[in-house]
1. When the residues of the range 13-40 are narrowed to those that are among the hydrophobic types (A, V, I, L, M, F, W, C) and within 16 Å of the chain's Cα centre (by Cα), which ends up modelled with the lowest pLDDT?
2. Quick one: which residue in Leu117, Leu124, Leu110, Leu101 is farther than 23 Å from Ala15 by Cα and part of a loop (DSSP other than H, G, I, E, B)?
3. Between a first residue in the range 139-158 that is in contact (Cβ under 8 Å) with a residue 24 or more places away in the chain and a second residue that is among the β-branched types (Val, Ile, Thr) and part of a strand (DSSP E or B), which pairs have beta carbons less than 6 Å apart while being 6 or more apart in sequence or on different chains?
4. Name the residue that is nearest to Thr137 (Cα to Cα), counting only residues in the range 60-78 that are within 13 Å of the chain's Cα centre (by Cα) and buried (at least 18 other Cβ atoms within 10 Å of the Cβ).
5. For residues that are surrounded by 20 or more Cβ atoms within 10 Å (Cβ to Cβ) and of a type in the set (Val, Ile, Thr), tally how many sit in the range 23-59.
6. Condition (residue is crowded, with 18+ Cβ neighbours inside 10 Å and either in a loop (DSSP other than H, G, I, E, B) or touching a Leu at 6+ places or on another chain (Cβ under 8 Å) (or both)) applied to the range 80-94: is it met by at least one residue?
7. Quick one: which residue in Gln57, Gln43 is among the polar types (S, T, N, Q), within 22 Å of Gly191 (Cα to Cα) and either at pLDDT 95 or above or assigned to a helix (DSSP H, G or I) (or both)?
8. Any chance you could count how many residues in the range 180-203 are more than 15 Å from the chain's Cα centre (by Cα) and either in a strand (DSSP E or B) or not polar (S, T, N, Q) (or both)?
Amino acid sequence: MDTPLFPQRGRLGEAFDALRRDLIHEDGPRISTMRNYRFAIVQYRPEEEFELRAEVQRLSSELTANGWVVFSIDLQQILFERISQQGEAWFDRVVQMEKRLAQIEADRGLNYVQSRLAPLIEGLDGIAADCSRTIRTYVQQNPDKVDRTLALIGRAGALYPFFRSSALLRHLDGRTEHVPVVLLYPGERRGATGLSYMGLLNPDNDYRPRIYP
C-alpha cells in the first residue's frame, strides 16, 4: 500500500506544463524568445521514454480538448521509408558490405553504414524535407489553424548514431509555415545550450530553440 495511486509527475511533467503554458499564451505561441521562430526542444533521458510518451499523450489530449490540432512526425518511420525507396538490391549491398568491413574492424562497418545513410538523413533534401512536407501539406489543407497546431517530432533515438538534431532544425527553419514545432530529444543537457545525443555523443551547442525543461 506504499505505492501512490497517482504517481507524482517529475521533471518531464514540469517541462510539459511549461510548454503547454507557452503554447496557449494569449498572444499566441511563445515557445521561443525569437519572433517568428517557433521551434523548441523537450530534452529527456533515454530511459524516460515511456514517461515521455505519457506526457505527450497528456499534452495532446489537453490541447485537442481546447481546439488544437496535434500531430506527430515519426523520424524512425521516415528513415525506414527512405531506405525502402532505395530498393532491396541497395539494402542487400549495404548489409553485406557492412558485415565484411565489421569483420575487419567494427568502426569500419559503422562508418560505411553512416556514409550510405547520410544522404538519406542530412541536408535540405534529407529527413528535414519529409518533415517540412508533412507540415506544409497540413497547413495547405487547414490554413486557418496555424496558430493552434502543434507538430511533435519524435523517435529520434532510432536514428542513433547517425542523426544531428541541430542540423534538422536549421533545415526546417523557414519551411514550416510558422507552425509551432517541438523536437523530442533523447539525451542529456550539458550546460545552458548543450545537448548530448543519447548521452553518448559529444555535446552539440549549435541550438537556437528554447530547451525544456
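1. Here the answer is Ile31.
2. Leu124
3. Sorted first by the residue in the range 139-158, then by its partner, the pairs are Lys145/Val69; Thr149/Val69; Leu150/Val70; Ala151/Val181; Leu152/Val182; Ile153/Ile73.
4. Out of the qualifying residues, it is Ile73.
5. Counting residues in the range 23-59 that are surrounded by 20 or more Cβ atoms within 10 Å (Cβ to Cβ) and of a type in the set (Val, Ile, Thr) gives 3.
6. Within the range 80-94 (the criterion being crowded, with 18+ Cβ neighbours inside 10 Å and either in a loop (DSSP other than H, G, I, E, B) or touching a Leu at 6+ places or on another chain (Cβ under 8 Å) (or both)), the answer is no, since none of the residues qualifies.
7. That would be Gln43, the only listed residue that is among the polar types (S, T, N, Q), within 22 Å of Gly191 (Cα to Cα) and either at pLDDT 95 or above or assigned to a helix (DSSP H, G or I) (or both).
8. 9
The values are calculated or read from the model by the stated rules, or taken from the named source; none is laboratory data. Being a predicted model, the structure only gives us computed values, none of them experimental. Cβ atoms come from the backbone with ideal geometry, glycine included; neighbour counts cover every protein chain shown.
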